[in-house]
Amino acid sequence: MSGPRAEIDGRDVELRPGDTVLDAAQRAGIRIPTLCHLDGFAPDGGCRLCLVEVAGAARPLAACHTPAQPGMRVETATSRLAALRRGVLELWRDSLPAESVSGGTREFEALLEQHDLAAPGAPSRPAAATHPHPYLRFDAARCITCRRCLHACEEVQGQFVYGIEGRGAATRLVFGESEAFLETECTACGACVELCPTGALWDCDAEGRAESKVRSTCGYCGVGCGVEIHAEGSRVVRVSGAAGSPVNRGHLCAKGRYAHGWQRSPERLTRPLLREGAGFREISWQEAIAWLVRRLREIRDARGPGALGAFSSSRSTNEAAYLLQKLFRAVLGTNHVDCCARVCHSSTALALREVTGTGAASAAYADIERARCIVVAGANPTEAHPVVGARIKQAARRGATLVVIDPRRIELADQAQHFLPLRAGTNVALFNALARLLIEADLHDAAYVSERCQGLDALAAHLREVSVESAARTCGLEPPALRAAAATLGRAGPVLFVHGLGLSELTQGTASVMALANLAMLTGSIGRPGAGVLPLRGQNNVQGNADMGGMPDLVTGYQRLDSPEVRARLQREWGACPPEAPGLTIPEMFEAARAGEIAALWIQGEDVAQSDPNQTRVIEALEALELLVVQELFPSETSRYAHLVLPAAGVLEQDGTFTNAERRIQRVRRAVAPPGEARPDWEVVCDVANALGAGWSYQDPGQVMDEVARVAPALFGGVSYARLEGEGLQWPCPAPDHPGTANLHAAGFLRGKGQLALVDFAETPEAPGGGYPYLLITGRVLQHYNVGSMTRRTPNQQLAAADLLEIHPDDAAREGLTAGSRVVLASRWGETRVGVAISARMTRGSLFLSFHHPETHANRVTSPHRDPGSNCPEYKVTAVRISPA
Ligand code: SF4
């Protein structure tokens, strides 16, 4: 018997370093009642329910606060303790209104019952009108000031919404001026509600009575939080965080937890719609499939397969994305297949593939907690990836050094040791200057670079041309700020680099990510624990969509189309091979459509008329098509131009898988039936393929994943639905007994040696000037997702009713604008009208606009410029001017 031990209730219990008596008892399966304690949180010690008797101690001690000592003898269930606990509970019960002690399911009520103290009665609920928040409610009468909400808010979400006021019997929970959540910095993550033991905090959702519960994956962002979907009949009544998920450990954001009302929106598409004149006519599925197959054949026969193209959906499942690209490649004979990764992280994928050997994240979310230093560059995780944002905030609070590089003073900048508010689009100048400083001061990890990388001498020579002073001027920063940041990076040891679209959606997108990867290699970060490169992916399944082959130049698993080995495998599995030549990217397909070369597009779950840049030209392309097929949940800006609209099942209504930003493939499960005749995308693709004579025989999406494993064995050979139960699997997972891969490049770069890249800063064509003095940055806000088609149809709309143009107070004063003013926002490419919000988080000369609402027309203004290597559009910099509307 090894290690220190103690005796608890007569049982021999092993102790671990740092154990409290409560920890040791819980691990041994001995239940000690608590109310204020939360696993993984600092002990509070306020409730006094966890009292235990320790041999030699004069009086009972709080188990949550008492360190477990070797040889200690502890009793947790004596009659004296039972009486003490009963007394504590009785005091609390009597301080609450009788009708609020309901004998329900909350922990406090269960504890009362266990101690024979339950009282009958129904919970009182103040009228919703007294708490105008769309989701959250508070009933002060039911609050026992156990502080769990306060701990959850601070230690999970990293907000400080709650406080405790008064003493003794007058102690009370406070938030905001008048206990109104909308007046606070509450992000509506719901963590407080989840942990409140009495129901003093509750939400609208919890009022529903769930009959069933399924484990699934959130359908909003690429974080990929594990969720439990609670349903009553055909209605989702609540979504809670899956406590066992390594991604979110039970935590969720306002979208994942609350924004599920879209599922029962009366606006859902429920039957196939065929264009008839200016409108649509409802038709049967049979008619829709027959019509579509006839039109695809006609266009292919008349114009060749190169006249057909498809956009697979990053909102839909891996299985739907795989089958759509297989349909176009193997059945219709074209590689014109792309996905929205093109317009977000295609530059990241290209850059990382070139310099490391694979285009995906090298690190995992678990590295956030292990990291000693985190760089967040061109990403705003607390809004766009909230659960990861909360994890980064907590890591910074626990002592990790944080460096934030962003044109806006994002929330994480408040906790950063270094905040570098660079001019949008100047990342390469900044990263090159930092690399030069690291090399010059000998602050780079020479041993790592010499062992694992190549190109140091060439990079050092290249960077000698880079003046730190001139780079600082380009970026709008002070040289000492660059020197200080470089010194921190050089001394921090391996660093975790978290980046977003502020790097990739630029004409220098690929160059920006390569320059960032230089920093990651110089600091010895890639392939090390607590470090590496972690690009945050936008939509829920954008990673998976590209993995599955939603790319014109690479087939499933990033395999080359001209590889004889790959082609032999495709011939065996598909019975046909796609052309060897790569197809067109999304922007190229739009150009080809305008030129009359692409005649038919199948767009699965992507509202390109709202989301893609230079909207006027996108619409011209859609209008030029002979056939536009749209699979969607709702009528969209794009479906206005469709010839056939197919109603789709949503994330809550179908089975399949998503893959998140850390390469984790996770199950998605059907909780309720889709409305009307809406169907999962993969089933519809199968029907069309079979009507074209493909002879596919998939019985369920699990069989599709089995085929993916055979087609791309290096990445997915060990993936099957049976193995995805629970935590899922991180690819590469090449064999059935392989555990998956949390950290890439751990044993050396997949390409052999990591390549230090030589890249030069080049000014964007959208530099301010010529009557366009401001730089517009577009992006997302916390409450909505992408084109907002789902979140706009939920009460999240009350939390953020419109897209607003954010402007620095000095710029607003100079322009004579106040909050709520409306302006004409114009670029060289188009104009729109928007309301103004004044924000000190903006830097002077920069404007920010989200694009969640179609009436904003944000993408009328954005330019057609794109990264030359990846074709990723430049959403993040557009020269604009503003004038009163
Ligand atoms: Fe869903 Fe992303 Fe929010 Fe997690 S962070 S709940 S995945 S939207």
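Does V684 meet the test of being within 30 Å of the chain's Cα centre (by Cα), within 23 Å of A600 (Cβ to Cβ), at pLDDT 95 or above and not in a helix (DSSP H, G or I)?
Answer is no for this residue.
Are there any pairs with C-beta distances below 8 angstrom linking a residue in the stretch 443-472 that is touching a residue at least 12 places away in the same chain (Cβ under 8 Å) to a residue that is of a type in the set (S, T, N, Q) and open to solvent by 60 Å² or more (accessible area, probe 1.4 Å), with the two at least 6 apart or on different chains, and if so which?
Pairs that qualify, where the first residue is touching a residue at least 12 places away in the same chain (Cβ under 8 Å) and the partner is of a type in the set (S, T, N, Q) and open to solvent by 60 Å² or more (accessible area, probe 1.4 Å), are L456/S450.
Which number in (1) within 16 Å of the ligand (Cβ to nearest atom); (2) modelled with pLDDT of 90 or more; (3) open to solvent by less than 40 Å² (accessible area, probe 1.4 Å) marks the one condition that C153 misses?
(1) is the only condition that C153 fails.
Among the residues of the stretch 157-172, what is the count of those that are open to solvent by less than 40 Å² (accessible area, probe 1.4 Å) and within 32 Å of the chain's Cα centre (by Cα)?
6
Which one is nearest to Q631 (Cα to Cα), of the residues in the stretch 222-274 that are near the ligand (Cβ under 9 Å from one of its atoms) and of a type in the set (K, R)?
Checking each candidate, the answer is K255.
Mind listing whichever residues of the stretch 131-186 are under 22 Å from Q415 (Cα atoms) and either touching a Ser or Thr at 6+ places or on another chain (Cβ under 9 Å) or part of a loop (DSSP other than H, G, I, E, B) (or both)?
Within the stretch 131-186, Q157, G158, Q159, F160, V161, Y162, T184, E185, C186 meet the criteria.
I'm trying to understand the selection: among the residues of the stretch 649-662, which are away from the ligand (no atom under 16 Å from the Cβ) and assigned to a loop (DSSP other than H, G, I, E, B)?
Listed by number, the residues that qualify are A649, Q654, D655.
Suppose we keep only residues that are more than 14 Å from V247 (Cα to Cα) and touching a Cys at 6+ places or on another chain (Cβ under 6 Å) within the stretch 198-221. Which one would you say is farthest from the ligand (Cβ to nearest atom)?
So the residue we want is A200.
Residue check: is P386 open to solvent by 10 Å² or more (accessible area, probe 1.4 Å), closer than 22 Å to F848 by Cα and in contact (Cβ under 8 Å) with a residue 24 or more places away in the chain?
no
Does R670 satisfy the condition of being modelled with pLDDT of 95 or more, open to solvent by 50 Å² or more (accessible area, probe 1.4 Å) and assigned to a helix (DSSP H, G or I)?
no
Determine whether the stretch 857-868 contains at least one residue that is open to solvent by 50 Å² or more (accessible area, probe 1.4 Å) and not basic (K, R).
Yes, that holds for at least one residue.
Going by the conditions given, is Q454 surrounded by fewer than 24 Cβ atoms within 10 Å (Cβ to Cβ), more than 30 Å from L775 (Cβ to Cβ) and within 16 Å of the ligand (Cβ to nearest atom)?
no
Considering only residues that are closer than 19 Å to F761 by Cβ and part of a helix (DSSP H, G or I), which ones fall in the stretch 451-460?
Residues satisfying the conditions are A458, L459, A460.
The values are calculated or read from the model by the stated rules, or taken from the named source; none is laboratory data. Given the structure is predicted, the values throughout are model-derived calculations rather than measurements. Cβ atoms come from the backbone with ideal geometry, glycine included; neighbour counts cover every protein chain shown. These area figures cover heavy atoms from the full protein model, side chains too; ligands, DNA and RNA do not enter into them. Shrake-Rupley method; radii C 1.70, N 1.55, O 1.52, S 1.80 Å.
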